[in-house]
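The values are calculated or read from the model by the stated rules, or taken from the named source; none is laboratory data. Note that this is a predicted model, so its numbers are computed, not measured. Note that each Cβ is placed from the backbone with ideal geometry, even for glycine, and that neighbours are counted across all protein chains shown.
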Amino acid sequence: MKIYTKTGDKGDTSLFGGKRVSKGELRIDCYGTVDELNSYVGLLRDQEVNKKRKDVLVEIQDRLFTIGSILATPPDNTKVKIPALNEEDIAFLEKQIDAMESELSPMKSFVLPGGHPSVSIGHITRTVCRRAERLIIRLDQTEKIDPLVITYLNRLSDCFFVLCRKMTKELNAEETPWKARL
């Protein structure tokens, strides 16, 4: 497979199935943001503190490729077979969240992102996930998207938040509560 095709040099790209669209379309922004998210998950996976979670993070990256495939396929396309997201993928995230939360003290306030470079990477990953979710919700308002995509990203951002708290604990970093000035 050749890496450059020159077919996008004028600002358009192909969706799965061959339909040409502008690279500025919301659908492209959606799956581009999911791709960005996947890169941040890779950076998060490469953190020493997450070596023991490598398989979990690779599973998440695989699901993000599935989501990218779903988003790169126009809703009216029946020619292209794409992988599916399913309820078990969401249950997998919930199981990860529950396992991590069982080892953490209950939250009593919002926490400020940071405390350690690895934790900060986790919070950036979480916020890119939220941005992808918002973009896909906007796309869903005009072109129906598989609702599991939105549910998965919502649960995934929760998973990243809890992972940040878990990393904070494992790294003996400081979790800084937000104290509102009133």
Return the only residue of Gly11, Gly24, Gly17 being in contact (Cβ under 8 Å) with a residue 24 or more places away in the chain and either more than 16 Å from the chain's Cα centre (by Cα) or surrounded by fewer than 13 Cβ atoms within 10 Å (Cβ to Cβ) (or both).
-> Gly17
Checking Ser39 against (1) assigned to a loop (DSSP other than H, G, I, E, B); (2) free of Cβ contacts under 8 Å to residues at least 40 places away in the same chain, which single condition isn't satisfied?
-> (1)
Tell me, please, whether a residue that is of a type in the set (A, V, I, L, M, F, W, C) and at pLDDT 85 or above can be found in region 45-55.
-> yes
For region 61-100, enumerate the residues that are of a type in the set (D, E, K, R), loosely packed, with under 15 Cβ neighbours inside 10 Å and either modelled with pLDDT of 95 or more or in contact with a Leu (Cβ under 9 Å, 6 or more places away or on another chain) (or both).
-> Asp62, Glu87, Glu88, Glu94, Lys95, Asp98
Would it be correct to say that Ser14 is of a type in the set (Ser, Thr, Tyr), touching a Gly at 6+ places or on another chain (Cβ under 9 Å) and at negative phi?
-> yes
Can you name the condition, by its number, that Val56 falls short on among (1) aliphatic (A, V, I, L, M); (2) over 19 Å from Met167 (Cα atoms); (3) out of contact with any Gly (no Cβ under 9 Å at 6 or more places or on another chain)?
-> (2)
Of (1) touching a Leu at 6+ places or on another chain (Cβ under 8 Å); (2) in contact (Cβ under 8 Å) with a residue 60 or more places away in the chain; (3) outside any loop (DSSP other than H, G, I, E, B); (4) of a type in the set (A, V, I, L, M), Ile124 fails just (1)
Got at least one residue in region 100-114 being of a type in the set (A, V, I, L, M) and over 21 Å from Glu175 (Cα atoms)?
-> no
Going through region 102-119 one residue at a time, which ones are surrounded by 15 or more Cβ atoms within 10 Å (Cβ to Cβ) and either modelled with pLDDT under 95 or assigned to a helix (DSSP H, G or I) (or both)?
-> Val111, Ser118, Val119
